[in-house]
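Single-structure report; data block below.
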Amino acid sequence: MDELLTGLRAVAEPTRLRLLALCSENELTVTELTTILGQSQPRVSRHLKLLCEGGLLERFREGNWVFYRLARLGGRKLAERLASLLPTDDPVILRDRARLGEIERERARAAGAYFAQNAHQWGAIRSLHVDERDVEAALADCLGGRPVRDLLDIGTGTGRMLELFGRQVERAVGVDRSRDMLAVARVNLERAMLRNCTVRLGEMYALPFTTPSFDLVILHQVLHFAERPAEAVAEAARVLRPGGRLLIVDFAPHQLETLREQHAHRRLGFGDDEVRDWSIKAGLTPRAPTHLNGDPLTVAIWSADRRGDDGGLALLGDGATTPQKILGEAHP
């Protein structure tokens, strides 16, 4: 009862209701919320503080930025319920969402410009801090021994994951929102003569597949660009077949602001608990993460399985060290 009353008191003000609605849509900074609401930063910060104290929102710092989002624990259910009760046709709510859309589109334009500018040197950029050969070997170890028929690489970029595993699967599809990246990926796949691999334009939040179609889905160094990483994980889980596995490769939490300022990163890495929560909410069973310690960046590999039709996990096993050992021969 006390928790419920505390949450209701915290939200009982028009601006705080607007903040709750916005934070239910995305993770946002004070500056972004101030821009959307058209109010002063001290005023917005005060309202955010009350919502956090009421258990409805949570505050987390990444480098020089501070984000606000719905609380993962405590009053989250109440926050979601209250946000769902807000009238979608209210003119104030509609205006706030329109301004939020403008901010998201501007971020997307900036990221698109970055990808277009750097598409042809993407491999070199990805290798600035972490040896990709070590990451790829660890990915192989994380897959286990079950053969994979259909592979999906979300945010495929230059198509490196398709090149790595393409010869050992029946079909591999790469999806990316950048036409420039896809152009590079097509050249790479043609050069490697991988006829069973294709790439197509698409969004990580709305994959162009209507049914569970893949045994393996990979998000390789993609989530740190995502506006809504939890939604991207949920969408990846949606297209997994029973017994399928999701592999997420990204940075552990770090403080390198230059990656945000110069390379369009939205998030400075992710914690194990955060990714685990996203996987569980997406209906997956998380496995133990793998960490590759680097200087200054640590790469983490998180894996999670969708239970098979018999309730078991089809993709299990350890000890493989190469894609050939992991994925097996091509299916007849």
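No lab work stands behind these numbers, since they all come straight from the coordinates. Because the structure is a prediction, the values reported are computed rather than measured. Cβ placement follows ideal geometry from the backbone for every residue including glycine, while neighbour counts extend to all protein chains displayed.
For the stretch 164-291, just say rounded, prolate or oblate: build the C-alpha gyration tensor, square-root its eigenvalues into a ≥ b ≥ c, call rounded for a/c under 1.5, and beyond that prolate if a/b exceeds b/c, oblate if not. It comes out oblate by the Cα gyration axes. Across the stretch 33-43, computed HN-Hα scalar couplings (Karplus, 6.51 cos²θ - 1.76 cosθ + 1.60, θ = phi - 60°) run 5, 4, 5, 5, 7, x, 10, 6, 5, x, 5 Hz from first to last residue, x flagging Gly and Pro. Distance from the C-alpha centroid of the stretch 262-296 to that of the stretch 63-91: 22 Å, rounded to the whole angstrom.
For the stretch 299-304, 3J(HN,Hα) computed residue by residue from phi via the Karplus equation (6.51, -1.76, 1.60; θ = phi - 60°) reads 9, 10, 10, 10, 10, 8 Hz, glycine and proline entered as x. Distant-in-sequence amide contacts of Gly308, defined by a placed amide H-H separation under 5 Å and a gap of 5 or more residues or a different chain, comprise Gly243, Leu313, Ala314. Take every pair of alpha-carbon atoms less than 8 Å apart whose residues are at least six positions apart; their mean separation over the length of the stretch 123-327 yields a relative contact order of 26 percent. The packing ranking, built from the mean of other Cβ atoms within 10 Å per residue, places the peptides 154-162, 88-96, 4-12, 68-76 in the order 154-162, 68-76, 4-12, 88-96, highest first.
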